[in-house]
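Structure record follows, encoded as structure tokens.
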Amino acid sequence: VMVFPRMFRVKQRFEGPRLQDIPGPVRDSIRRLHLQDKVKPGQTVAVTAGSRGIANIDRITRAVVDELKALGLQPFIVPTMGSHGGATAEGQRTVREHYGITEASMGCPIQSSMEVVRIGEVKGIPVFCDKNAWGADHIAVVARVKPHTDFAGEIESGLFKMMAIGLGKQQGAEHYHRAGHAYSYAEIFPLVGKKVLETSQILFGLGIVENGYEETAKVQALLPKDFEGGEKALLREAKAWMARLPFDALDLLIVDDLGKNISGAGMDTNVIGRPFVQKALDRPKIRRIFVRDITPESEGNAVGIGMADVTTRRLVKKINHQAMYMNAVTSGVSEGAKIPMTFDTDREAIQVTLAMIGLTPPERARVVRIKTTLHLTEMDVSEVLLPEVQTNERLSAVTQPAPLAFDAQGNLPPF
């Protein structure tokens, strides 16, 4: 009988500020742009709403809408999610509602459509924009700025990517991802974003940065001329504050949930050290990854499951293959939709992975269990890691090592 490692709970402390009052900083930052000089009362403004699980996104979006109304403008929201939600207007409406963004809560209309307008080209690639947004007098780009899961550059995930992939919808996302494979994402996304900026439809952008606790750390409104420098600076802060695993080498990482609301890749490759596309990561080195389940917000899109070595039958049963395949085809990354070895219980899955870690006895395995790649403030770690926990000032043990507990069905208890 395999002897499992004993586990204990650890808390991790992160750097980075936290905004207490959300509407205030949004309002103040927008007011510093003096937009009244650039608009006429009664004009329409399309406000972007993406598909990531961004902290306080409902309150941030509502504050943007309220500030535009205060300028005498007529704001409306457009879902800007590339191919997410199965690349249908209805699917994207459902994703948006998960984040509390409805006409009632936002106090303005929502116009959801997958239709796009071709507005130009870069490197021979057509550039698209959401038809409803293009029809407005102005566009306000709201996006979180963070390290991308697939590539590294001075501009990664943020305002430029939102203008390219978000406003480009499924059609644009597919073109740009293909072009990104031919050139590089780090080159294509900013180029497409700049082409959208050149149209002078963009009124302003609001960059959001989060700290390691997934709390809103900073919001900054930028005029189009300042997008490039502004986003580069915000990305540097996002990288400094982002949450990471506190260990460089593990035998097994157990992830309770993956999902599109957690990361565009289902799991953040910056956390697990397994990039798919154009990113080289030297840490952490994780021999085996076990993913237990999928978030409800992901609507069955289990893209990223291909990064795991083993998974459960309960996760596989929840997969919406159409949504997952649409995402994989659009991004041109088929590996993300591969389904790994599948087991009926957590106990079986852990047993199999611990049998595949080389000469290390299972009870001495370096094991970490996390809720998601976003939730890294608390984790369960195996006893062999205790000396490293004790010498790391950012870590504190909150329980004593105890045997791995399984319920009557052979599964781990909720995190």
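Just a few scattered comments:
- Beta bridges assigned by DSSP with both partners in the chain are antiparallel in approximately 40 percent of cases.
- Counting charges near ARG6 (Lys, Arg +1; Asp, Glu -1) among other residues having Cβ under 14 Å from its Cβ returns a value of +1.
- Exposure ranking of TYR185, TYR325, TYR213 by accessible area [1.4 Å probe, largest first]: TYR325, TYR213, TYR185
- Largest to smallest accessible area among ARG13, ARG118, ARG288 [probe 1.4 Å]: ARG118, ARG13, ARG288
- Set LYS260/LYS338; LYS318/LYS338; LYS11/LYS285; LYS146/LYS318; LYS40/LYS69; LYS194/LYS218 screened for pairs whose C-alpha atoms are more than 19 Å apart: LYS11/LYS285; LYS146/LYS318; LYS194/LYS218
- Contact order relative to length of the chain, as percent, for alpha carbon pairs under 8 angstrom and 6 or more apart: 21
- The apolar share of the surface of region 338-398, taken as the fraction of accessible area on carbon and sulfur atoms (1.4 Å probe, ligands and nucleic acids excluded), comes to 52 percent.
- Angle between the chain longest axis and helix 185-198 axis [Cα atoms, degrees, rounded to 10]: 20
- The chain, accessible area per residue, ligands and nucleic acids excluded (1.4 Å, Å²): 40
- Accessible surface of PHE247 - all protein chains present, 1.4 Å probe, nearest 10 Å²: 0
- Relative contact order of region 333-415, taken over Cα pairs closer than 8 Å and 6 or more residues apart, is 29 percent.
- Electrostatic tally near ALA302: other residues with Cβ closer than 11 Å to its Cβ, Lys and Arg +1, Asp and Glu -1, net +1.
- Cα gyration tensor shape of region 169-328, rounded if a/c is under 1.5, else prolate or oblate by comparing a/b with b/c: prolate
- Given (1) 194; (2) 132; (3) 142, the label whose value is volume of the Cα convex hull per residue in Å³ derived from this model: (2)
- The residues neighbouring ILE357, those whose beta-carbon lies less than 13 Å from its own, together hold a net charge of +2 under the Lys/Arg +1, Asp/Glu -1 convention.
The values are calculated or read from the model by the stated rules, or taken from the named source; none is laboratory data. In this text the structure is predicted, and so the values were computed from the model without any measurement. Ideal geometry is used to build each Cβ from the backbone, glycine not excepted, and the neighbour counts take in all protein chains shown. Ligands, DNA and RNA are stripped out before the accessible areas are found, and what is left, the full protein with its side chains, is counted by its heavy atoms. Shrake-Rupley method; radii C 1.70, N 1.55, O 1.52, S 1.80 Å.
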